[in-house]
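This report refers to the structure that appears directly beneath it.
Readers should treat all values here as calculations from the given coordinates under stated rules, not as data from a laboratory. This is a predicted model, so every value here is computed, not measured.
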């Protein structure tokens with residue numbers, strides 16, 4: 001990204017992190033449709049993860065799994081960091097959630113939703129899953 005991210009992008013980050021996934025979708029979709037590469041694919045990847053989490057909240061296992069996979073695939077190109085976003089962390093958290101959902105199957109989606117409605121974590125196997133968050137990567141100022 002040659003310029004700073006537009007204000008609408010930061011609005012979508014706030015919506016995503018506040019679990020306002022539908023609003024995040026609307027904000028990002030407008031931005032995505034107007035953008036060119038490489039931003040377009042980045043916005044689409046984030047948008048797909050937001051919609052996946054929206055589907056998860058609605059107990060739509062297939063929609064959650066499909067869109068998590070698509071979003072992760074697009075965002076891998078932007079690792080480790082893009083537009084000051086820690087893409088590594090977003091991809092890792094999304095990938096862990098995707099794996100856990102695939103292992104659990106559609107029958108256990110209500111269990112995931114119940115945990116994620118009350119906390120940001122889910123005790124899954126060897127690791128504790130986290131609801132994916134978008135975080136800024138802070139870079140140290142050199143020479144000060």
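Please check: in the Gaussian network model of the chain (C-alpha springs, under 10 Å), which one of 69, 57, 105 has the largest mean-square fluctuation.
Maximum fluctuation in the GNM of the chain, among the listed residues, is at 105.
Taking 0.36 nm per residue of separation and subtracting the Cα-Cα distance, what length does fully extending residue 117 through residue 77 add?
Extra length from residue 117 to residue 77 when fully extended: 11.3 nm.
To the nearest 10 degrees, how steep is helix 61-75 against the longest Cα principal axis of the chain, on a 0 to 90 scale?
30 degrees
Suppose a student asked you for the relative contact order of the chain, using Cα pairs under 8 Å spaced at least 6 residues apart; what percent would you report?
20 percent
Where does helix 109-118 land angle-wise versus the long Cα axis of the chain, in degrees 0 to 90, nearest 10?
60 degrees
Mind grabbing the base-10 log of I(q)/I(0) for the chain at q = 0.16 Å⁻¹? Debye formula, identical points on the C-alpha positions, no solvent, two decimal places.
After summing over all Cα pairs, the log10 values are -0.80.
Would you mind calculating the gained length between residue 37 and residue 20 on full extension (0.36 nm times residue separation, minus the Cα-Cα distance), in nm to one decimal?
Extra length available between residue 37 and residue 20 comes to 3.5 nm.
Relative to the longest principal Cα axis of the chain, at what angle does helix 87-104 sit, 0 to 90 degrees, rounded to 10?
Value to nearest ten degrees: 20.
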